[in-house]
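Structure, as structure tokens:
The values are calculated or read from the model by the stated rules, or taken from the named source; none is laboratory data. Predicted model only: the values in this text are computed from it and were never measured. So basically every Cβ, Gly included, is an ideal-geometry build from the backbone, and we count neighbours across all protein chains shown.
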Amino acid sequence: MTTPAVELVGIGKRFGAVVANDGVDLTLRRGSVHAVMGENGAGKSTLMSILYGLYRPDTGHILRDGRRVEFASPLDAIAERLGMVHQHFKLFDSMTVAENVVLGQEPRRSGRLRRSLLDRAAASARVTELAGRYGLAVDPGARVGTLPAGARQRVEILKALHREAEVLILDEPTAVLTPGEVRSLFAVIRRAADDGATVVLVTHKIHEVLDVSDEVTVLRDGVVTAHVRTADTTAAALVTAMTGRDVVPAQNTGRGEPGEPVLEVEHLAVSDGERTLVGDVSLTVRRGEIVGIAGVSGNGQHDLVATLLGTHRAAAGSIRIAGVDVTDASVRERRALGVAAIPEDRRGEGTAITMSVAENLALGHHRTPPIGASSGRRRGLLSGRAMRARAQELIADFDIRTASEQLPVGSLSGGNAQKLVVARELAHEAPLLIAEQPTQGVDIGAIEAIHRRLIGYRDDGHGVLLVSHEISELLALADRILVMLGGRVVAEFARSDATPENIGAAMSGADQAVRA
Amino acid sequence: MSTVDAAPKPPLFRAAVRHPAVVPVGAVLVAVLIGAVIMVASGIDPVRAYTGVVEGALATDNLDYTLSVFGLILGMAIVFAIPLRMGEYNLGGNGQLVLGGITAAAVGLYAPLPCALLVVAAVLAGAVAAGLFAAISAPLSERLGIPVIISTLLLSPIAVAFGSYLVRFRMTDTGSGVSQTPRLPDAAHLGTLGDLRYANVGLVLVLLVLVVFWLVDSRTAVGFELRTLGANRRFGAYGGVHIGRLNLGAMAAAGAVAGVVGAVMVLSPPYRFIDGALTAPGYTFAGVAAALLAGGRPLLLPLTVAVFTILQVGGAGMERDADVPRQLSEVLQAVVIIVLALRTVVEARRARTGRATT
Ligand SMILES: Nc1ncnc2c1ncn2[C@@H]1O[C@H](COP(=O)(O)OP(=O)(O)OP(=O)(O)O)[C@@H](O)[C@H]1O
Ligand SMILES: [Mg+2]
């Protein structure tokens, strides 16, 4: 057998009292796709960071083509032809695709004086050539800031390919992608592997693993619990290896009678000054129902919900929450009236990674008992003890894995940070919950737990507006599904009529001609 | 290789390393070492020089003066630290200081108030004037998008010039040839502390302000919101924090503290507003450096301010005792700031790489 491209041998890593990796072996064969799975906090990102030279292992070592190597920083890993695509893209928004791709290894112009200048034409040609070779659709001249998540990720992959990476590390690349984007990503991965590249793919989605990988390694509590060829395994076996039990999918069964409306939107329009982001949207969410919004990302869903919460301004139309017109109200007024929101951008908007878990769980609850007080002698004061007590309750209730509520949120694994956001917002018991991609980055067990909570939340008489890339998630939870395309609501389905096919058709606009 | 650095660190050690006081103390130690290297290189005995600094600042005879300077730098450190909590940089300390001082002088000279009230009125008026002035930066930033760091920097010379104008042409002590106000009446003099000559009630006032700052920062909803904005502004906005109002409040509070410091300086010997005398000693930027070194944390401020006070006051003692030019103490202050800046770079790099993924 040929020497593997990379071997991780006996890798151990601890953070304080937490053992993130414990004697992990991982063998990556040339020309294959190796999936890494495991529950939130199992140690996947830590392992990938060690492989890419971001962390140094406490024990164990790395072999590259059979040679022992040591990575003091990602630069060493890049020199060994490793490339990593992070879940949080590390791109410069104001620069073009081509500039981002070549940054760090730019083609220079010739001539003494002009050698310090970037050769734009060569950069552009290089990007076009790479993009063509791997079937990555991007416009080299576009500004990265204007691109949707899927395109940004392609830029990240191009960047790794430009540096001639032979080993591609992808940490949860699909968490923020729509199904169509996932399909094209997998086509690229397969092509790269067939060309001889080695791909490591971290994901929580079993069907993706079964689709695209050749081998699977499962981690649990920092230890390898399974290593199999994908062809020899089943979804059920993988779930058991990850969780040690079976997971029964939550399903929205039955529904109560929807009560009075908690959200009424009429002819809402949102624009960024140049383009119309949302045009003439009207919708209603009642108590006791979950209304889903489907759509390819970038079709106005995010701008719509940001306007409902009040972080964006409406250009026209009206919004009523619990019967009160809030079109011009501040975020705080709206929250006081009864909105809670799980935002799409967990890092940029949903948490402050340098603040503690307890403080992150307190924002929005800090002016009401028990943490704060809205009236009386203690008005405006804050109780640190109540803050910590409340955090401990939510940590236990939502199974947020952290060594202490005093640690910064940045030390949490991605899925656990997501659980924190969900816990904080559900704890508001607000009549209206806006949930954007509520299960992004969480493991299958936690997905089911969050789904059950959302259904329970509805059964308690609250209204939920659910925005999701996952049609399966919408089908499992929503009582009604609206489809957005180009900033407008183009279709509505009752749950009984909704199928992946007709929702998918409406999302792509394929049914427009028929209905027009 | 990998097994070499394998020894897991005990938790106590980790907790100690993570303590917020580590960075400032470390920066100062590094600066002291670099300073020693510079001195050796220029043929000066570092031990004698440092002894000179410490004795110059802390010898029993000088302690009184050092304490009064400590109070003033601490005040100006708070001026910078309050907006720093929400991630804004107030570089207008000088203007706010001067405006507070000149207002206090005007009240002290012209307000027809009885003795006990006059001092209080002068300090309050200084606080209000400087607070209102500093608050202008908040709407400029919220409405017009002019960053606070820019507007404070640009507005500051205007206030300083306004103070100069008043003292030269409107409030001048005609008897002397110097640009200064007449001596304030006895009723407008700050109370003394025992038989100390320099440190007076002003020091107590600044310490009270520090306690209030600490309580607000750690025990109130507003303090929590300030820190949240400082950590992630978008997170705060999403959580319903009124950024505009907090900015206004933080800038007004910072300005008011600067006004108090200005008033304290004018209501202390020689009991005059002298053109340039408030800004010349450089308390404002010593305060900025101390606040940055402490990361704006109220409880660390006294520590970092003490360092800069010792360097500032001790410089003179060093010159006298060790025959080391006092400029060397400025070099030391600069080295502390450079070490601090380096630490920011290192932290930014660590933030980029340390926890890169989920
Ligand atoms: N910088 C850090 N400081 C302290 N603890 C950390 C740090 N990084 C990771 N951990 C801990 O190590 C464990 C493994 O985290 P890791 O991010 O590798 O999990 P993961 O498998 O990627 O999970 P997820 O699926 O949620 O992304 C977690 O318990 C986490 O809290
Ligand atoms: Mg992870």
Name the residue, out of A:V326, A:V339, A:V331, that is surrounded by 18 or more Cβ atoms within 10 Å (Cβ to Cβ), within 14 Å of chain B (Cβ to nearest Cβ) and farther than 29 Å from A:Q87 by Cα. A:V326
Among the residues of region B:279-299, is there at least one that is at pLDDT below 90, among the β-branched types (V, I, T), over 30 Å from A:H88 (Cβ atoms) and in contact with a Gly (Cβ under 7 Å, 6 or more places away or on another chain)? no
Quick one: what pairs do we get from region B:215-227, first residue at the interface with chain A (Cβ under 7 Å from one of its Cβ atoms), second part of a strand (DSSP E or B), C-beta under 9 Å, 6+ apart or different chains? B:R219/A:L381; B:T220/A:L381; B:A221/A:L381
Every residue from region A:32-46 that is on the phi < 0 side of the Ramachandran plot and either touching a helix residue (DSSP H, G or I) at 6+ places or on another chain (Cβ under 6 Å) or more than 7 Å from ligand 1 (Cβ to nearest atom) (or both): A:S32, A:V33, A:H34, A:A35, A:V36, A:M37, A:E39, A:N40
Could you list, in sequence order, all residues of region A:128-179 that are under 21 Å from A:L28 (Cα atoms) and in a loop (DSSP other than H, G, I, E, B)? A:R163, A:E164, A:A165, A:E166, A:E172, A:P173, A:T174
Name the pairs whose Cβ atoms lie under 9 Å apart, with the first residue in region A:436-456 and under 17 Å from A:I290 (Cα atoms), the second among the basic types (K, R) and modelled with pLDDT of 95 or more, and 6 or more positions between them or separate chains? A:A449/A:K419; A:I450/A:K419
Yes or no: region B:310-328 includes at least one residue that is of a type in the set (K, R) and without any contact (Cβ under 8 Å) to a residue 60 or more places away in the chain. yes
Taking the criterion of being within 14 Å of another protein chain (Cβ to nearest Cβ) and over 27 Å from B:A263 (Cα atoms), would at least one residue in region B:146-153 satisfy it? no
When A:M484 is evaluated against the numbered criteria (1) more than 30 Å from A:D246 (Cα to Cα); (2) of a type in the set (A, V, I, L, M); (3) touching a residue at least 60 places away in the same chain (Cβ under 8 Å); (4) surrounded by fewer than 18 Cβ atoms within 10 Å (Cβ to Cβ), which criterion, by number, is the only one it fails? (4)
For region A:443-497, which positions are among the hydrophobic types (A, V, I, L, M, F, W, C), touching a Gly at 6+ places or on another chain (Cβ under 8 Å) and either in the same structural domain as A:E208 (by TED's automatic domain parsing) or within 16 Å of ligand 1 (Cβ to nearest atom) (or both)? A:A446
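Quick grid of which residues meet (1) under 17 Å from B:I102 (Cα atoms); (2) away from chain A (no Cβ under 14 Å); (3) of a type in the set (D, E):
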| position | (1), (2), (3) |
| --- | --- |
| B:R170 | yes, yes, no |
| B:T192 | no, yes, no |
| B:L203 | no, yes, no |
| B:F213 | no, yes, no |
| B:Y238 | no, no, no |
| B:R245 | no, no, no |
Within 24 Å of the chain's Cα centre (by Cα), β-branched (V, I, T) and facing chain B (nearest Cβ under 8 Å): which single residue out of A:T307, A:T311 fits that description? A:T311
Can you report the number of residues in region A:394-432 which are touching a His at 6+ places or on another chain (Cβ under 8 Å), within 14 Å of another protein chain (Cβ to nearest Cβ) and more than 12 Å from ligand 1 (Cβ to nearest atom)? 4
Name the strands (runs of 3 or more DSSP E) wholly inside region A:1-75 in which the number of residues that are facing chain B (nearest Cβ under 9 Å) and more than 16 Å from ligand 2 (Cβ to nearest atom) is 1 or more. A:6-15, A:59-64, A:67-69
Test B:G108 against the stated conditions and say whether it is of a type outside the set (S, T, N, Q) and closer than 25 Å to B:A294 by Cβ. no
All strands (runs of 3 or more DSSP E) inside region A:194-245 with 2 or more residues being more than 30 Å from A:Y134 (Cα to Cα): A:215-220, A:223-229
Looking at this structure, is B:L301 under 12 Å from the mean Cα position of the chain (by Cα) and either part of a loop (DSSP other than H, G, I, E, B) or buried (at least 24 other Cβ atoms within 10 Å of the Cβ) (or both)? yes
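Given the condition modelled with pLDDT of 70 or more, away from ligand 2 (no atom under 16 Å from the Cβ) and exposed (fewer than 12 other Cβ atoms within 10 Å of the Cβ), answer yes or no: does some residue in region A:106-120 qualify? Walk me through how you get there before you give the answer.
First pass over region A:106-120, keeping only residues modelled with pLDDT of 70 or more: A:106-107, A:119-120.
So of that shortlist, the ones also away from ligand 2 (no atom under 16 Å from the Cβ) come out as A:106-107, A:119-120.
This time we only want the ones that are exposed (fewer than 12 other Cβ atoms within 10 Å of the Cβ), so: none.
Within region A:106-120, none of the residues are modelled with pLDDT of 70 or more, away from ligand 2 (no atom under 16 Å from the Cβ) and exposed (fewer than 12 other Cβ atoms within 10 Å of the Cβ).
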Failed item in (1) under 21 Å from the mean Cα position of the chain (by Cα); (2) modelled with pLDDT under 95, with B:F80 passing the rest: (2)
Can you name the residue in region A:164-178 that is in contact with a Lys or Arg (Cβ under 7 Å, 6 or more places away or on another chain) and over 11 Å from A:K205 (Cβ atoms) and, of all such residues, is farthest from ligand 2 (Cβ to nearest atom)? A:E164
Test of understanding: among A:A231, A:A237, A:A241, A:A250, which residue is at pLDDT below 95 and either within 23 Å of A:G456 (Cβ to Cβ) or crowded, with 22+ Cβ neighbours inside 10 Å (or both)? A:A250
Looking at (1) more than 9 Å from every other protein chain (Cβ to nearest Cβ); (2) of a type outside the set (A, V, I, L, M, F, W, C); (3) within 16 Å of ligand 2 (Cβ to nearest atom), which one does A:G376 not meet, given that it meets all the others? (3)
